[in-house]
Structures are given as C-alpha cells and as structure tokens.
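Read the structure below first, then the notes.
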Amino acid sequence: MQGGNVAVVGGSIAGCAVALAALRGGADKVSVLERTTGELRSRGVGIAMQSDRYTELEAAGYVHADMPWTRMSRRDWVVADGESERGRTIAEQRPFDFRGYGWGSLWSELRRRVPEEVDYRSGAVVTSVEPADDGVVLGLADGRRERFDAVIGADGYRSLVRDTMFPDLSPTYAGYLGWRGTSPGALMEAAAPAEFSEAGTVVGFPGGHCMIYTIPDGSGGHRTNWVLYTVPPDDAPDGPRSGPPAELTPELTESLRSLVAKHFPPYWAEAVLSTPPDETLMQPIYDLEVPHYATGRLLLAGDAATVVRPHVGGGAVKALQDALVLEGAWRAADSWEEIADAYERDRTAVGSAMVGLGRRFGRAQVERTPDWAAMGQPEFESWWREQTQSPEGDSGFGGHALRRSAG
Ligand SMILES: Cc1cc2nc3c(=O)[nH]c(=O)nc-3n(C[C@H](O)[C@H](O)[C@H](O)COP(=O)(O)OP(=O)(O)OC[C@H]3O[C@@H](n4cnc5c(N)ncnc54)[C@H](O)[C@@H]3O)c2cc1C
C-alpha cells in the first residue's frame, strides 16, 4: 500500500516510532503533531525493557545498541529487618534480564532517528478529530483544519483520537498511586559492592512495594531510579478510592516520605529520600483497554490504545511493538482497510492481555500485599507463578513476544 498523507497525533515514544513505521510502510507524507514545545526530554525517569523484547525491536531497527542503557540480570526482593542496612532478602528472581533506560534519553534517541522527511511539529495542539469520507480532518488550536488520509492516535492515556473512536471509554483509576524519582548515581555506585551493580531491588512493605534500579543519566553517568506503589492516605484530597488526588500537595509528598522512613531498610530509604520533594513525581495508576485498535481511518498506538499498569514493565515495549507491527501490516496491505485489519488483529489481543496481567500484579503487589517478611524463596515463587501463569506460557511480563505474523 503505497502513498497517502498520514498524521500522527503525539510525538512521544509511540508517536516517534509510528511515524517511522508509516514512512517505512510506504506513506508519502507523515506529519507528527505534538502539543509540547521541546521540553519532553527533561521529564520522566526510568523505563525498563525486557532483553528478549529489546532484541526483537533492535533487529527491526526500532531501538539501537548505542542508546544509553544499564543491565539488570537479577531482581532481589527485600524487607526491612531491624537495624540491617540493606534489609533482608526474601527472594531472588533470576534470570531477570531487563535493560534500564532514562525516559528522556530514550525519547531523544528515538526523536533523533525520525527521518527528516517527517514533518514533526512541536507546539501543534490537536483540538478536534472528525472522520470524513476517505479520510480524517484534524482541527488545531491555532484554528487551522487539515485533512489526512489516515490518523494514528499516539496521544497518550487521555487520547483525543480514542475519545473520538470510543466516546464512552475512559481510563479507570486503579485506586492507588505510583511515585517516581531519581537520586544521584553515586549513592549506589559508591556504597554498593560490584554484585549490586546488575541487580534491581524491590522493597516490600505493608500496602505496596518499591522497585529500585540504576539508569543512565544521558550524559555518561548514572542515576538511581525508583518507583513506589501505594494507596494514598485516607485524608488525601478526593479520598483514596473515589479518584486520584486532584493535585500533588506537600502533604502528600510528606506522607510518602514518612512511609519510606518507617518501612524501608536505611540504605534503600536513602535512595528514595535523597530525591528532593519537588522532583518527586506522582502518577495515579489507571487501566484501559479498547475493543479495537483501528476503526476506519483512525488507528491507535501506545498508551492511547491501552493503559497497562507499570508493574508489567512493558509500556515502552508495547508502544514500539505497535509501530513494528503497523509497519509489517502496511507493507503487506493493498488498502487502508487491510492495514487496519491486520494491525487490529495482532494488537488488540496483546493489549488486553497486558492490561489483565497489570491488574493481577496490582492486586497481589499493592492492593493485597502478602506478609512479605514471612515469605522465603519457595513461597515467593508460588506467589509469582499465581500472578504470571498463562495457558500459552508467555506471561507477558516485560511485554509479549512478537508473533511470527507480526513483522
Ligand atoms: C513527559 C513524559 C514522561 C514519561 N515518563 C515516564 C517514565 O519515567 N517512566 C515510564 O515508565 N513511563 C513514562 N512515561 C509514559 C511512557 O512514555 C509510556 O507509557 C509509553 O512509553 C508509551 O508512550 P506513548 O507515546 O504512547 O504516550 P505518552 O508518552 O504519554 O505520549 C503522548 C504524547 O501525546 C501528546 N499529546 C497528547 N494529546 C495531544 C493533542 N491533543 N495534540 C498534540 N499532542 C498531544 C503528549 O504531549 C505526549 O507527548 C512518560 C510519558 C511522558 C509524556
């Protein structure tokens, strides 16, 4: 299927990747409309990418070995234990083959690789999406209206393109928050023996857990990245269950810091608490799946299509796989309908499976945390199996393997 004038709404990770996919697939003209004006690279913290999924994406040319990353080869689950500096390890997950990326540097590297013939427009805010005969008209905040043969919504979890396709769907709040931050790499590098350098660590505490790992800082050094999941306190604005807190207040950040001081082994508490309060990010956790990844000339990719809880460690992988599968569908198709059908057949099921896994992880690891301290390796392994087992044997942790048909 050659030719066509295509717009991608959103120029983040999914947006950059699907722009490349559309161009490689055969589109004549590709425009990326991104509402922010260049500051994307400085936001965000760590992204984890499962190594086998990385290999598939690298072979297809969507990620590259020279994008800065760190290696993880195992994950230790620890609990506080009296005065013990690093706490007590209750279980080791091995192999645990993931790569750690900095969100900003991963995005910059993808952005840099979007070919120049793609018209990437920063500061272009899409305000309306109107399906028309054989195309789609986009309205922009500056008043312009532009017609495209097809539009790919890569506009994140609050997607306007998805709202147009499925007006009754919206992300559902999972009832708890993710907190994210980074602290200077020197903390782990100076104090940790070599055996720590390739380990991710999870600190378990009543009502949640916190994953900590090293990421590149994008300038040749490292930072310690952490993400902590827990229900907000009862007195948070809007209450803990009715919806996420309306805003990030100093009281909320303080509640996080007291929780860490109370429940974490001292070494890991410092990793979190040395992130300045005003650099600590709050991310309400949501679920969302769509009945179709494509309808007519509208397609979805990345978080716009499915919002998967971050415990799955597959958000970036899923976005990049969406692009890769779209490219394959495009190359094999003779019409817009065939592109949409092939893309939709592959991705809708994968998205739903990942949302389901995220829910199971959330239930076991946040909503109904076990008595971590009472667990040892065998108990941990059976608890983990209960969450990940799937009839096909491909649990989807870190993202699903690409199907043979995909590329
Ligand atoms: C700034 C930022 C930081 C992030 N940091 C992390 C992180 O540290 N760790 C992590 O695991 N995940 C992070 N994420 C989420 C992660 O990027 C996604 O889970 C995954 O990579 C898929 O991304 P996406 O491109 O589908 O969606 P997103 O990354 O959410 O991108 C959507 C893009 O669409 C643009 N957009 C939305 N609406 C419009 C509109 N109407 N007109 C034009 N443009 C629009 C947004 O500005 C945004 O750039 C971050 C996302 C963003 C935007």
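Yes or no, residue by residue, for (1) of a type outside the set (A, V, I, L, M, F, W, C); (2) out of contact with any strand residue (DSSP E or B) (no Cβ under 8 Å at 6 or more places or on another chain); (3) crowded, with 18+ Cβ neighbours inside 10 Å:
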position	(1), (2), (3)
Q321	yes, yes, yes
L324	no, yes, yes
A342	no, yes, yes
R347	yes, yes, yes
G356	yes, yes, no
E367	yes, no, no
Of all residues in the range 1-15 being touching a helix residue (DSSP H, G or I) at 6+ places or on another chain (Cβ under 8 Å) and assigned to a loop (DSSP other than H, G, I, E, B), the one that is farthest from the ligand (Cβ to nearest atom): M1
Which numbered condition V137 fails, given (1) in a strand (DSSP E or B); (2) within 20 Å of Q321 (Cα to Cα); (3) of a type in the set (A, V, I, L, M, F, W, C): (2)
Test: G175 is among the small types (G, A, S), over 23 Å from A48 (Cα atoms), open to solvent by less than 10 Å² (accessible area, probe 1.4 Å) and away from the ligand (no atom under 15 Å from the Cβ): yes
Cross-chain or 6+ apart pairs with Cβ under 8 Å, the range 78-105 first and in contact (Cβ under 8 Å) with a residue 40 or more places away in the chain and within 16 Å of the ligand (Cβ to nearest atom), then open to solvent by 50 Å² or more (accessible area, probe 1.4 Å) and outside any loop (DSSP other than H, G, I, E, B): R99/R71; G100/R71; G102/R223; G104/R41; G104/S42; S105/R41
Residues of the range 271-313 classified as near the ligand (Cβ under 9 Å from one of its atoms) and either part of a helix (DSSP H, G or I) or small (G, A, S) (or both), total: 7
Residue in the range 69-93 that is most open to solvent (accessible area, probe 1.4 Å), counting only those that are over 28 Å from P370 (Cβ atoms) and not in a loop (DSSP other than H, G, I, E, B): R71
Residue count for the range 66-83, restricted to those that are closer than 20 Å to F205 by Cα and among the β-branched types (V, I, T): 2
Members of the range 25-39 found to be open to solvent by less than 30 Å² (accessible area, probe 1.4 Å), of a type in the set (S, T, N, Q) and either more than 8 Å from the ligand (Cβ to nearest atom) or under 19 Å from Q321 (Cβ atoms) (or both), listed by number: S31
Residue check for F397: open to solvent by 10 Å² or more (accessible area, probe 1.4 Å) and under 30 Å from R180 (Cβ atoms): yes
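Regarding D66, is this residue away from the ligand (no atom under 13 Å from the Cβ) and loosely packed, with under 15 Cβ neighbours inside 10 Å?
yes
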Scan of the range 369-385 for residues that are crowded, with 18+ Cβ neighbours inside 10 Å and among the aliphatic types (A, V, I, L, M), ordered by number: M375
Filter result (free of Cβ contacts under 8 Å to residues at least 60 places away in the same chain and not in a loop (DSSP other than H, G, I, E, B)) within the range 350-378: V350, A353, M354, G356, L357, R360, F361, R363, A364, A374, P378
Given (1) part of a strand (DSSP E or B); (2) of a type in the set (K, R); (3) within 13 Å of the ligand (Cβ to nearest atom), index of the condition R162 fails: (1)
Among (1) surrounded by 20 or more Cβ atoms within 10 Å (Cβ to Cβ); (2) touching an Asp or Glu at 6+ places or on another chain (Cβ under 7 Å); (3) modelled with pLDDT of 95 or more - the single one G102 does not satisfy: (3)
Index of the failed condition, R53 passing every other in (1) crowded, with 21+ Cβ neighbours inside 10 Å; (2) free of Cβ contacts under 8 Å to residues at least 40 places away in the same chain: (2)
Among (1) within 19 Å of the chain's Cα centre (by Cα); (2) away from the ligand (no atom under 14 Å from the Cβ); (3) open to solvent by less than 10 Å² (accessible area, probe 1.4 Å) - the single one A22 does not satisfy: (1)
A333 under 23 Å from D394 (Cβ atoms), surrounded by fewer than 21 Cβ atoms within 10 Å (Cβ to Cβ), of a type in the set (A, V, I, L, M) and away from the ligand (no atom under 14 Å from the Cβ): no
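The values are calculated or read from the model by the stated rules, or taken from the named source; none is laboratory data. Small disclaimer: the values here were computed from a predicted structure and weren't measured. Backbone-built Cβ (ideal geometry, glycine too); neighbour counts: all protein chains shown. In case anyone asks, the SASA skips ligands and DNA or RNA and just uses the protein heavy atoms, side chains included. Shrake-Rupley method; radii C 1.70, N 1.55, O 1.52, S 1.80 Å.
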